[in-house]
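Quick note: the coordinates plus some simple rules give every number you see, no bench work behind them. Note that the structure is predicted; figures quoted are calculated from it, not measured. Cβ placement follows ideal geometry from the backbone for every residue including glycine, while neighbour counts extend to all protein chains displayed.
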Amino acid sequence: MTTRGRRDGRVTIAEVAALAGVSPGAVSMVFNGTGRISEATKARVREAARTLNWRPNAAATALRTSRTRTIGLVLSSSGPLPEIGAGNVEFISGIESILSPRRYGLLLNFQLAHQDETEFYRTLTEQQRMDGVILTNSVIEDTRFALLRELGLPAVLVGTPWREGEVDFIDADPPGAGIPEAVEHLVALGHRRIAYLSGPERFVLPRIRRQAFTETLTAHGIEPRAILELPYSPQAAAEATRALVKEDDRPTAFIYGTDHMAIAGIRTLQSMGMSVPRDASVIGHEGLSIGEWIDPQLTTVQRYGWQRGRAAAAKLLEVLGEEIGEDVPLERPALLIRASTGPAPAEDA
């Protein structure tokens, strides 16, 4: 949607929504003529738009009133080839469990690390091939939200946006849930040298989790042994684990950004002659079923990928004006304790 106004000649739909006291999706529905919006809310939104001298792009509005009953989803891959991990399979299954019964289709697009996903949104919007999009991987200074507002394409983010009011979103409450519980568990086992091998610096969620990690340790008077910002890849986790173990004051416990990273960490520790959890404890993050089938079984933060997919799809359909007709809960991530964590080594306790 094209706007005119105060900042650099542009007023955003988020500013209109904030002034009217509604979500950006509600503003879209008022001007697209979709959804169930009360007359009082419509009047409030239109008054906010007039006050800020904002108006939607006519072409974008026309596009949004012609439904394709298709939802877009972009997944990124850190490797040279597209890949769907177990976590994404659960997530996609959750999305489909909401879309399919309501006769909506899912248009899946893979973007490699070096590709720009904005072209996907522009092309498919121009071709009128989707009604809305589910966004993943919330990043700092995310440019996708402004683009989607310009295109008039409704969106729901899975995760917490860097700034509030830019996009409709679903996330755990609080977003860093699970990390404090993981730290408390390790501290109770006597660990004091705890390392966190988290996700990339530009992503919002790893930053929130790193803050939760540091704050929880600080409450116990403990300094983090190491906090590393890594790609979400087993190879990166293995290399970082190997380097930390070679240091004189090696960590006695490791928390990883994903289960796959944690499994790579366990394999690396074992290859260096260490026993898990006797010599080092390991905690993953995601709660994948594969964690039950490794040796030792993986302690992990359960994130409920299927629920996240359902919640995201339900939220987007509501933004589009659909009646969901059922409760779609999103549980708080929880620590699932298995065999990969144990007491700190006696000499370190």
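Overview of results
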{"read-out": "Residues M130, M261, M272, sorted so that the one with the fewest Cβ neighbours within 10 Å comes first", "value": "M272, M130, M261"}
{"read-out": "Ascending count of other beta-carbon atoms within 10 Å, so fewest first, for L228, L135", "value": "L228, L135"}
{"read-out": "Percent of C-alpha pairs per 10 Å bin, the chain, short to long", "value": "5, 24, 29, 20, 13, 7, 1, 0"}
{"read-out": "Whole-number percent relative contact order across the chain, with pairs defined as alpha carbons under 8 Å at least 6 apart", "value": "18 percent"}
{"read-out": "Gaussian network model of the chain, springs between alpha carbon atoms under 10 Å - residue of E47, E322, E39 with greatest fluctuation", "value": "E39"}
{"read-out": "Near-label residues of the stretch 307-347 by backbone N, under 19 Å of a point 7 Å along Cα→Cβ of D248", "value": "347"}
{"read-out": "Debye-sum result for the stretch 179-304 in log10 I(q)/I(0), which assumes one identical scatterer on each alpha carbon, at q = 0.15, 0.19, 0.20, 0.23 Å⁻¹", "value": "-0.60, -1.02, -1.14, -1.56"}
{"read-out": "Whole-Hz couplings from phi, Karplus 6.51/-1.76/1.60, listed for the stretch 153-164; x for Gly and Pro", "value": "9, x, 8, 10, 8, 8, x, 9, x, 5, 10, 5"}
{"read-out": "Among beta bridges that DSSP assigns inside the chain, antiparallel share in %, nearest 5", "value": "15 percent"}
